[in-house]
Every structure is written in structure tokens, then in C-alpha cells.
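What follows is a short report on a single structure.
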Amino acid sequence: MMRIFLLASILLISGLITEARAQIDDNTVVIGPGDLGYYILTDNRIKQYPARLKVFASQLVAKDERGEVSKWKPEEVYYVRTAKQRFIALQDFSIKNTFGYLEIKRPVFVQLLDSGTFCLMRYDGGYIPTLLLARTGVEERPLTIPYDASSGIGKHLGAGKKFREALAPYVTTRPDLQQLLADKKVSIDNLAFFVKAINTGQPFDGPLAKPIDLD
């Protein structure tokens, strides 16, 4: 009986590991098929290539106006733009999955939500979408924003103590934004507005999180 239990446990864990790896290695669609936009290649950052685009975690598929299809790896692409979304290649960061955090060592496409002094990015290759914050032009590991930052049942996902502690070093010169964190009015839901305020130097102008259930 014990051997059967151990075998079942090993098979279950192996299956989860395979599933986790598949989510990184497969061509998970980031945007829908045929979105109009353009891309810029790493080796020629001046020229724009208009096309219908599919952006996957590990590949860009572009169909030009002549119907010719080309495929590009993230490290070959400098920038991707559609009507509503922007993408860049990123590597050396971690994502949350069933086992904790999984290290992403090779380049993958991430969505660029805001850019300036800081870049706010989103990666959809794991179980939970990962938000990342990085200083523009600085060679340092992107910060993985804690999603499940609360510890108790009923706590708001992505707005607790760990979440606030992760963001605090980025607003040392902004007392107004420090106060928002102290008052527990910043969460995953309005983080883009928070980063925009950092990048523009303007006051925060987004919706406020409700601090009722935050730790």
C-alpha cells in the first residue's frame, strides 16, 4: 500500500513538473491571432515591419501585407506594437507556480504596461500572470511583484505587506506615494497608475484600493 502511495505521489509530482515546464516551453498565445501592428528587430532598430501579429511567450509570428509569414525568437526582436499592447523580450526573472517560483533564464516576450524611469511588465507564461518592475537602463534583476501578498482567508490578493514592502524602495523621493502605500490604497489592480505616477512625476490619479481586508 505504501509503495502504491509513493508511486502515485511520484507520478503526480512528475506530471505537475511537466505541466509547469510546458507552460514555459510551449507557444502560449499572449495576444490573439492576426492583430495589426509592427515589430522592430534587434539588429536594425530603425526599421518598422508592419504585419498581422501573433505574440507567443517564446515566438513572434508575423504575416506581412504580401501574405508571407516570418517567425522570430524573442532575442531577435527589439519591440512589438499593436493597437493596444506593447511587448519586449526579457530574461533572468522568476514566476510563481505550483512549487513556488520558477526561474526564467532565456528570453521570452513580456507585455510592457508602462515605461519611463521604471518599466512595468506582465508575463503570462505561468499559472498566475506575473508582474515585473525594472529600472530602465540598469543591469539588475527585474523585481517580481508579490501577487499573493496576504496570509489569511479573505485577504485581498496582491495588496498585502509583502506587496507594499516590495514597492517601498521605488518611491523614497515621493512622500505622496509613500503615504498611499502606508494607507494600503495600492494593489495589483491599480499598480499601473502607481507606476505611471512614478514615471511622470505627477500625482497618482487612479482608483484607490479599499484597505478593509488588507494585512
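Values in this text are rule-based calculations from the coordinates and carry no lab data. Because the structure is predicted, anything quoted here is derived from the model rather than measured. Cβ coordinates were reconstructed from backbone atoms using ideal geometry, including for glycine residues, and neighbour counts include every protein chain displayed.
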Contour minus Cα-Cα span, Asp92 to Thr42, at 0.36 nm per residue, comes to 16.2 nm
The distance between the Cα centres of segment 124-146 and segment 64-106, in whole Å, is 13
Under 5 Å from the placed amide H of Tyr79, counting only residues 5+ away or on other chains, we find Ile40
Simple spin-label estimate for Lys71/Phe99, 7 Å along Cα→Cβ, in nm, reads 2.7
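Once R0 is set to 41 Å, what does the formula 1/(1 + (r/R0)^6) return for the Cβ-Cβ distance between Tyr79 and Ala182, expressed as a FRET efficiency to the nearest 0.05? Show your work: numbers first, answer last.
Numbers: r = 36 Å, r/R0 = 0.89.
Once the sixth-power term is evaluated, E becomes 0.65.
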Each label sits 7 Å from Cα toward the beta-carbon; between Thr173 and Asp64 the label points are separated, in nm, by 4.4
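Taking R0 as 22 Å, what's the FRET efficiency between Asp189 and Arg106 from their Cβ-Cβ distance, rounded to 0.05? Spell out each step's value before the answer.
On the way: r = 30 Å, r/R0 = 1.38.
Calculated value: 0.10.
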Quick calc: nm separation of the 7 Å Cα→Cβ label points for Thr136 and Thr200 -> 1.4
